[in-house]
Amino acid sequence: MRLSMFARLGQEGRKLVWGGALTALLLAAGTTVIGDVSPEAKRQRAQDDSFSLFAGPTAVLRGNQLQCGLNSIGAVCTDVFDSPTGGGGFWPTGSPNQYIFNTGLQVAAVVGADGGPWANDTTAALFFDPLGTNQHGTQLTNIYDSLNPDDAANWPPEAKVLDEDLYQPVLIGRDAASQQDSWVQYWDGNPDRISGRQHPLGIKVTQRSLAWNYPAGNESLIYFTYNFENVSADAEFQRLNENQFFGGANQLPDAGYTLEAMYAAFATDMDVTNNATDNFSTAILPFDLGLSYHGGFSAPDFAYDPALFFPPFFTDAPGIVGIKYLRSPIDPATGEQVGLVEIEDRAFYGNMTYVHEGRQYVVLQTGPKLTVLALPED
């Protein structure tokens, strides 16, 4: 069984970030969800995706023992050379030990009644798409890596550590909060990237990663924070989308629109070893933790550094890779985290929406099953 874990981001959001950040960490020694994609599908993804990674910046995080490739459209722990089969996450850094093929963010919401011609539409922004045919991300900035001297010398003011709710006071105003920070912004506002949906959602994502080599255990973790901004009132968003969908007429509300019942998932395609079809995934729900591993715990082609692989643990077997949600955004009305939703997932998923007796529902296809979510009533 595979599980997709969605963080509910709040009932409403206008022009500001929703109640804080969604924070997560990747851990090796071991993340789930979405499950494995066949090699054939991965090859097809590379053929179908019109975006070339060479046209935009990439970065490889090597600040600690978890090596993770990034691109500027939202892929996390991906192969930066756009290989249809090559891995994007390795542990330890510099080794051939593959644990991750690709991961990233997925967001869905309902356009509010103030959305003009898009009112009450349910749509999604897939910054990670396991098939590659519905990838909706477009870069807004380069990826800035605090260990890259050129990036460090040109660190954007908006990339400084500013969130007093997440970081200790001593870190506020610094460029980096960890031994290696990365920072990038991307959005789903490009109307040319709407495969599988009728129109963009209007979401800008600010992504930061953080990596340390201390205290013990942290050397195998990378932390990610995601801030979401409703950019439906952004002049460039409106210009692009009104030209594309309304012949340039001023149809979208100038003040933007509300996004309701918003959910986000950090979806993953873990390939532990080169035999990903032998992988298994599970979730430990009380800990908001998802895990993936090789079912036979066998990888003769791995390098087993005795400094990492030693008794009483495995000395010649692959570890476990996982993702843990650390915090979801705060609901300003309650002061509490909005929390997570677990959805069973056997392979890929699709979605649709319908209205019955005045109530709107979202249907998620999870392999052979259909899961129906009733959206909150006003």
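The values are calculated or read from the model by the stated rules, or taken from the named source; none is laboratory data. Quick caveat, the model's predicted, so the values are computed rather than measured. Glycine also receives a Cβ, built like all others from the backbone with ideal geometry; neighbour counts cover every protein chain displayed.
Below, the figures for the structure above:
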| item | result |
| --- | --- |
| Complete set of residues in segment 185-218 that are among the aromatic types (F, W, Y) and surrounded by fewer than 16 Cβ atoms within 10 Å (Cβ to Cβ) | Y214 |
| Residues of segment 320-336 that turn out to be under 30 Å from N279 (Cβ atoms), of a type outside the set (S, T, Y) and assigned to a loop (DSSP other than H, G, I, E, B), as a count | 1 |
| Selected residue (criterion: farthest from the chain's Cα centre (by Cα)) from residues of segment 285-320 that are closer than 27 Å to L340 by Cα and among the small types (G, A, S) | G319 |
| Index of the failed condition, D305 passing every other in (1) modelled with pLDDT under 90; (2) exposed (fewer than 14 other Cβ atoms within 10 Å of the Cβ) | (1) |
| Matching option when the condition is among the hydroxyl-bearing types (S, T, Y) and farther than 27 Å from A109 by Cα, among T225, T282, T277, T258 | T277 |
| Number of positions in segment 327-351 that are surrounded by 15 or more Cβ atoms within 10 Å (Cβ to Cβ) and either on the phi > 0 side of the Ramachandran plot or modelled with pLDDT of 85 or more (or both) | 1 |
| Any hit, segment 309-317, residues being out of contact with any Asp or Glu (no Cβ under 7 Å at 6 or more places or on another chain) and crowded, with 22+ Cβ neighbours inside 10 Å | no |
| Any hit, segment 224-235, residues being in a helix (DSSP H, G or I), modelled with pLDDT of 95 or more and surrounded by fewer than 17 Cβ atoms within 10 Å (Cβ to Cβ) | yes |
| Cβ-Cβ under 6 Å pairs, at least 6 apart or on other chains, segment 81-96 side part of a strand (DSSP E or B), far side crowded, with 17+ Cβ neighbours inside 10 Å and among the hydrophobic types (A, V, I, L, M, F, W, C) | G89/C68; G89/C77; G89/I100 |
| Residue list for segment 100-149, filter: crowded, with 17+ Cβ neighbours inside 10 Å, outside any strand (DSSP E or B) and hydroxyl-bearing (S, T, Y) | S146 |
| In segment 236-262, residue nearest to Q65 (Cα to Cα) [restricted to those that are in a helix (DSSP H, G or I) and among the acidic types (D, E)] | E236 |
